[in-house]
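Derivation of every value follows stated rules applied to the coordinates shown; laboratory data play no part. Just so it is clear, the structure is predicted and the values come from calculations on it, not from any experiment. All Cβ positions, glycine included, derive from the backbone under ideal geometry; neighbour counts span all protein chains shown.
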Amino acid sequence: MSVSIYNNPTFTDSPYGLKLQQTFSTAGTFSVTIPTGINRVYAIVIGGGGGGAGIITGSGSGGGAGSYSAGWTYISNTVTVGAGGTGGANGAVGTAGGDSLYGMVFAKGGGGASLTSGGAGGSGTVAYTGAPASSLYNCNGGANTVGISGVCGGGGSIQAGGSGLIGGGGGCNSTTSGSAGGSGNGGNGGNGFTTSGQAAGGGGAGFISAGGNASSSTGGAGGSGGGGGGGAYNATTSTGGNGGSGVVYLYY
C-alpha cells in the first residue's frame with residue numbers, strides 16, 4: 001500500500017509535539033514572555049524583504065526575499081522582526097530588508113534592488129537550519145532577466161521575480177509591460193501595471209501573504225514575511241515597491 005506524503009492528514013507543519021504560541025509580524029523589537037519552566041523554544045525566523053529600485057530612464061528592478069531560518073534556541077526576553085526595505089524613488093536604489101532574530105536563530109533581510117539588477121534573496125550566508133549556503137538558497141537577482149528561484153527568490157530586472165518559500169519582487173520593462181512578482185508560501189506575486197509609456201512590477205509574495213499589485217508608476221509591495229517590492233519605470237516619476245516585513249514564530 002502506498003501513502004502520499006503530499007496529502008496525508010497525519011502530517012503537520014508544527015514541530016512534533018509543540019504548538020505555535022506566539023507570532024510576531026510587525027517590524028520592530030518587542031518584549032517576549034516565556035512561561036516558567038520552558039527553557040528552550042523552537043523558532044522560525046524570516047527576514048524582511050528588500051525594496052525595489054525606481055528608474056526614470058531605464059527598467060526598474062525588484063528587491064529580494066528575506067531569508068528563512070529555523071531551529072532550537074535558549075529562551076530570550078526580546079524578539080526582533082526585520083522591517084521591509086524602502087523602495088527607491090526617481091533614480092534611487094532600494095534598501096535592504098532588516099534582519100530578524102530570536103535567541104540564536106537569525107535570518108538576513110533580502111537585498112535591495114540596484115539600478116541595474118534585482119536584489120538577492122536572503123543576501124547573506126546564513127542558510128536554513130545552519131546548512132551550507134548555496135545559490136538555490138540565497139538566490140541572486142536578475143540583471144535584465146528573471147530573478148533566480150529557490151528557497152529565497154531573487155528580484156527580477158525587466159522580467160518577473162524569482163519564486164521560492166518567499167518570492168522576490170518583479171522588475172518591469174521600460175517600454176512594454178510590468179512583470180509579476182515571484183510566488184511564495186503566502187500565495188502569488190502581485191501583478192504588474194502597464195499603460196502607454198509607463199510600467200511597474202508587482203511585489204513578491206511573502207511567507208504568510210501574497211504580493212501587492214503595482215499601481216501606476218509605483219511597484220507593488222512585498223507580502224508580509226519578506227517578499228521584495230517590485231521596481232517601477234515612468235517617463236517622469238518612478239517609485240519602487242517596499243519590501244514586506246519579516247516574521248517570527250515561537251513554538252513550545
- Message: In 5 Å bins starting at zero, report the fraction of Cα pairs in the stretch 141-252 per bin as a rounded %.
- Response: 4, 19, 27, 23, 14, 7, 3, 1, 1, 0, 0
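Applying a 10 Å radius around every beta-carbon, put 101-110, 198-207, 243-252 in order of their mean neighbour count, most first.
Put in order of decreasing packing, that is 198-207, 243-252, 101-110.
Which shape class, rounded, prolate or oblate, goes with the stretch 18-252 when its Cα gyration tensor gives a ≥ b ≥ c as root eigenvalues, a/c under 1.5 marks rounded, and past that a/b bigger than b/c marks prolate?
Prolate, since a/c reaches 1.5 and a/b exceeds b/c.
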- Task: Report the local net charge at residue 252: Lys and Arg +1, Asp and Glu -1, summed over other residues whose C-beta lies under 15 Å from its C-beta.
- Result: +2
- Note on the structure: the stretch 18-252: antiparallel bridges as % of DSSP beta bridges, rounded to 5, reads 90
- Note on the structure: Here the stretch 90-99 yields Karplus 3J(HN,Hα) values (6.51, -1.76, 1.60; θ = phi - 60°; whole Hz; Gly and Pro given as x) of 6, x, 9, 6, x, 8, 6, x, x, 7
- Note on the structure: Each label sits 7 Å from Cα toward the beta-carbon; between residue 23 and residue 90 the label points are separated, in nm, by 3.9
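Relative contact order of the stretch 18-252: what whole-number percent is it, with Cα pairs under 8 angstrom and at least 6 residues apart? Intermediate values should be presented prior to the final figure.
Details: 1355 pairs, mean separation 56.8, N = 235.
Across the stretch 18-252, relative contact order equals 24 percent.
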- Item | residue 38 paired with residue 235, simple spin-label distance in nm, labels 7 Å along Cα-to-beta-carbon | 5.8
